[in-house]
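Values in this text are rule-based calculations from the coordinates and carry no lab data. As the structure is a computational prediction, the values presented were derived from the model and not from experiment. Cβ placement follows ideal geometry from the backbone for every residue including glycine, while neighbour counts extend to all protein chains displayed.
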Amino acid sequence: MTRRGSGRVLAAAVAFALLAALPARADGTLWQYSTLAALLAGSYDGRLSVGELARHGDLGLGTFNRVDGEMIVVDGQVWQVRADGRPAEPAAATLVPFAAVIPFMPDRRIRLPAGLDLAGLAAFLDGQVADRGLAQAIRIDGRFPRLKLRSEPAQSPPYRPLAEVLRDQVVLDLSDIEGTMVGFRFPSGLAALNVPGWHLHFISSDRRHGGHVLDLGTGPGAQAALQTVTRLETELLPGAAGLDDKPASATIRQIEGSGSK
Ligand SMILES: [Zn+2]
């Protein structure tokens, strides 16, 4: 082998060793399908299947086409909680208009104080976040003395905006229930992308109840696991409403126009 040839082989070997040493690209990447702005505007039909979504992460939340219930992804299992409040396993071909998942690898664990409501929990968790310009993924396991969950009935086109749909939300009040909450915290500046602040979905340990968390009470011994997220990957939904409204575009053009002069 020539000197140059062995150099090339060495370079390739070094490159391979470096690649092997790096974590997989998916690690720590929060993967999202469509945006909150599109969902709020009534883009309720996506082309992403539950099976495809699950390849991007093992923890997360979202909804299903026609907003047919709340999605909870925990330990790699996708659950669908329709308006009856009962979790069911959707078929892998079931379609999704909006969801976010992450390969969950928590970087810290916190014991939660008892007696917090959702606002108190959010304030407590905010105090645990060093850099609020980053996103967080969270899992909470524990017993909840009280829990207020919601789901919503599936819609038919022409779709109404989500704020109107949620006037028909179905609320479930539970007491003394054990289970898992999963979700995210997004900075308020990313509000068009995903829900700003702490957004949690719940599933009970016996998998008989679930939904979007409207309020809660923390019991003793609940544990939170948190993962700081610095990398976001979003697959945009073609044809989505709500993302290119004229007022926002006009404002940006104005800023860019004055900046370039
Ligand atoms: Zn939700």
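Largest first, the extents of the alpha carbon coordinates of the range 51-156 on the three principal axes equal 40, 30, 23 Å. Across all Cα atoms of the range 110-151, the radius of gyration (one decimal) and Dmax (whole number) stand at 11.7, 32 Å. Can you tell me, using C-alpha contacts under 8 Å and at least 6 residues apart, the relative contact order of the chain as a whole percent? RCO, the chain: 27 percent.
Length gained on full extension, ARG47 to ARG167: 40.6 nm, using 0.36 nm per residue less the C-alpha separation.
Amide H contacts under 5 Å for GLU152: GLY69, GLU70, ALA83, VAL170, restricted to partners 5 or more places along the chain or on a different chain, H placed in the peptide plane at 1.01 Å from N.
Look at ILE255, ILE140, ILE110 and count the other Cβ atoms within 10 Å of each Cβ; fewest to most, that gives ILE255, ILE110, ILE140.
The HN-Hα couplings worked out from phi for the range 99-115 by the Karplus form 6.51 cos²θ - 1.76 cosθ + 1.60 (θ = phi - 60°) are 6, 9, 9, 8, x, 6, 9, x, 9, 7, 10, 10, 7, 8, x, 7, x Hz, whole numbers, x standing for Gly and Pro. Against the chain, whose longest principal axis comes from its Cα atoms, helix 246-259 is set at around 40 degrees.
Under 5 Å between amide hydrogens, built in the peptide plane, is the criterion, and for ALA222 it picks out LEU112, ARG143 among residues at least 5 positions away or on other chains. If R0 equals 51 Å, the separation of the Cβ atoms of ASP244 and ILE110 corresponds to a calculated FRET efficiency of about 0.80.
Using bins of 5 Å that start at zero, the share of Cα-Cα pairs per bin across the range 38-107 amounts to 4, 18, 31, 25, 15, 6, 2, 0, in whole %. Across all directions, the average flat footprint of the convex hull enclosing the Cα atoms of the range 142-257 is 10.3 nm².
With a Förster radius of 30 Å applied to the C-beta separation of ARG160 and LEU236, the computed FRET efficiency comes to 0.85. Across every pair of non-identical alpha carbons in the chain, the mean reciprocal distance, once inverted, gives a Kirkwood radius of 19.9 Å.
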